[in-house]
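Reading through the structure tokens given below for one structure.
The values are calculated or read from the model by the stated rules, or taken from the named source; none is laboratory data. Worth saying up front: this structure is predicted, and the values here are computed from it rather than measured. Cβ atoms come from the backbone with ideal geometry, glycine included; neighbour counts cover every protein chain shown. The accessibility values were calculated without ligands, DNA or RNA, using every heavy atom of the protein model including side chains. Shrake-Rupley method; radii C 1.70, N 1.55, O 1.52, S 1.80 Å.
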Amino acid sequence: MSLVNGLPAHVLLVHFVIVLVPLTALALVVCAIWPKAAQRLGIVLPVFAFVTLASVPLATNAGEWLERHVESDALVRRHAELGDGLLPWAGGLFVLALAIWWALGRAASGASDGARRPATLVRVAAAVLSLVVAAGAVVDVYRIGDSGAKAAWHDGFSKTASHGSDQG
């Protein structure tokens, strides 16, 4: 995908990533910590995480197309390098969402009281791992977005107003 309505597709697709990654991260952590939330979401959590995962390579591929059509500089290269690192984080969100959904289904099918302690340890481990992956994904999205904004805008505006219309 290269252009959408005459604009580089990357400019549009990144907005899906910017919204979906933090929302998926939040949903994952909430479901890992609060099983009732996971029960309410059910299959929606892994489906949502899959859509998030799928949006990352779409935005990345569109970004690679755009990179070949703009003047290359250190800021653009840095943004591209950072962008390539998001897919593993999105993959982690998806795998954990799938695991939480699967574990919830197993628990609902009837675990004995003897399995309660290992189940608690697994839930704690899943919650900690979910927090780590969610934080990593959100921080990475922030870093990528910040570098992209710097690459796009570093020489694109004047620091002083060009007209008197800004004055009250």
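Worth pointing out:
- For Ser55, the test of being touching a Phe, Trp or Tyr at 6+ places or on another chain (Cβ under 7 Å), among the small types (Gly, Ala, Ser) and modelled with pLDDT under 95 is failed.
- Qualifying residue in the range 18-36 (condition: farther than 24 Å from Ala127 by Cβ, part of a helix (DSSP H, G or I) and in contact (Cβ under 8 Å) with a residue 40 or more places away in the chain): yes
- Condition met for Leu82 (closer than 17 Å to Ala149 by Cβ and either modelled with pLDDT under 95 or out of contact with any helix residue (DSSP H, G or I) (no Cβ under 9 Å at 6 or more places or on another chain) (or both)): no
- Pairing each residue of the range 95-122 that is modelled with pLDDT under 75 with any residue that is outside any helix (DSSP H, G or I), provided the two are 6+ apart or on different chains, yields C-beta distances under 7 Å for Ala119/Ala111.
- Matching residues, the range 65-104, being assigned to a helix (DSSP H, G or I) and exposed (fewer than 13 other Cβ atoms within 10 Å of the Cβ): Ala74, Glu81, Trp102
- Scanning the range 137-151 for residues that are open to solvent by less than 40 Å² (accessible area, probe 1.4 Å) and not hydroxyl-bearing (Ser, Thr, Tyr) turns up Ala137, Asp140, Val141, Ile144, Gly145, Gly148, Ala151.
- Condition check for Ala54 on (1) under 13 Å from the mean Cα position of the chain (by Cα); (2) touching a residue at least 24 places away in the same chain (Cβ under 8 Å): one failure, at (2).
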